[in-house]
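Values in this text are rule-based calculations from the coordinates and carry no lab data. Model, not experiment: these values are computed from the prediction. Please note: Cβ atoms are built from the backbone with ideal geometry, for glycine as well, and neighbour counts cover all protein chains shown.
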Amino acid sequence: MDVVVLGSLNMDLVAQVSRLPNPGETLLGNSFDMLPGGIGANQAGAAARLGVRTAMIGCVGNDAMGQRLRSHLQNEGIDISGITVSKRAASGTALVTVSPSNNQIVVNPGANSDVDESALEALMKHFKKARVLLLQFESPMSVVEKAAALARTAGLTVIVDPAPAQGPLSLDVCNYISILTPNQTEASILTGQPVNDANDAKAAAERLQQQGIEAVIVKMGAMGCVCATARGSFAVPPYRVEAVDTVAAGDAFNGGLAAALRKMDYQRGEPLQTDTLKEAINYASAVAAIAVTRSGAQASMPVMAEVEDFMRYQRV
């Protein structure tokens, strides 16, 4: 496998609305769908559609939703041999409310909480060939931290999407993260500082990077990205599109980032150079830009040819 994802699989219960409701308000929706999702599965789907061999490691319930989640990934050409079935918990679910410009998500982890040490055994089977590991925080943190340590020691590039953010990062795990990719809200939670604009994002990225992380990319949606490394900080402007559904934008970005890095000619385990990061972030931004013009999470992910055409004809 080129890219391995250890993370969550959820069934998304999605309501489309004209705007997000206020606290205590009942709002009529425009439509409702049940769609395969989960941050981990979304990222795996994005990477696979971009032409890299992808494996998914996680856990689902012994129910119809779990069967559907596994089948969907398998149909995308993803190796699902590392997805186990819980004996006690139902498949994870996410209650998703989507407006044209924003979204709200409540996650019930379900079987995702049953990811345990066996996931690490499944992960290590891919170490000889894999180049990139994608992690998120919808799986137990003890497993995520051990996976990061094992993979980085084995020479993989470890990308961590800190969603949902759970307060300050452990300094121990920071040393094993190649790239951290928080959005504005997550960067604010991780640093304890507001992140409202590019200057705030730069300060947050630099503060997080100084904790021992090789590179930190703060995703700001329509404002682009800011990246901080030990060699300095830089911004990558966004692609301009008309957003329809932003739910999986971050997952599309991370899957695109992993795919881009896998395709680049850099030695396994070597430090990531600024030019490499800029090129990979630009590619990931294009993947995310296409995804937000479509409804759904995994269904919105573009294929490689679409991204190449988009980048060829769009100006940043």
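After finding the eigenvalues of the alpha carbon gyration tensor for the chain, what semi-axes result from the square roots of 5 times each, listed largest first in whole Å?
That gives 26, 24, 19 Å for the three semi-axes.
Helix-only estimate, please: 222 nm mean residue ellipticity of the chain, summing -39500 (n - 2.57) across DSSP H runs of length 4 or more and dividing by its residues, to the nearest 500.
-10500 deg cm²/dmol
For segment 91-139, with only Lys/Arg (+1) and Asp/Glu (-1) charged at the beta-carbon, what is the dipole magnitude about the Cα centre, in debye rounded to 20?
Roughly 380 debye, rounded to the nearest 20.
In whole Å, what are the Cα extents of segment 164-316 along the three principal axes, biggest one first?
39, 35, 25
For segment 156-203, what D do you get in µm² per second when you plug the Kirkwood radius from alpha-carbon pairs into Stokes-Einstein at 4 °C and 1.567 mPa s?
Rounded, D is 115 µm²/s.
Along the principal axes of its C-alpha atoms, what lengths does segment 135-247 span, in descending order and rounded to whole Å?
For segment 135-247, the Cα extents along the three principal axes come out at 39, 32, 26 Å.
About its Cα centre, how strong a charge dipole does segment 87-232 have in debye, to the nearest 20, once Lys and Arg get +1 and Asp and Glu get -1 at the Cβ?
Charge dipole, segment 87-232, about its Cα centre: 440 debye, nearest 20.
Along Cα→Cβ, 7 Å out, is where each label goes; now give me the distance between the ones at Ala198 and Glu242 in nm to one decimal.
Taking the simple label geometry, Ala198 and Glu242 are separated by 2.6 nm.
Over the Cα atoms of segment 1-120, what is the Rg over Rh ratio if Rh follows Kirkwood?
In segment 1-120, Rg relative to Rh is 1.03.
Going highest first, how would you order 45-51, 22-28 by mean Cβ packing within 10 Å?
45-51, 22-28
Give me the distance between the Cα centres of segment 288-309 and segment 218-272, rounded to whole Å.
Comparing the Cα centres of segment 288-309 and segment 218-272, I get a distance of 15 Å.
Segment 181-258: percent of C-alpha pairs farther apart than 20 Å?
Counting every Cα pair in segment 181-258, those more than 20 Å apart make up 28 percent.
Measure off 7 Å from each Cα along the Cα-to-Cβ vector at Arg68 and Ser81, then give the distance between these two points in nanometres to one decimal.
2.8
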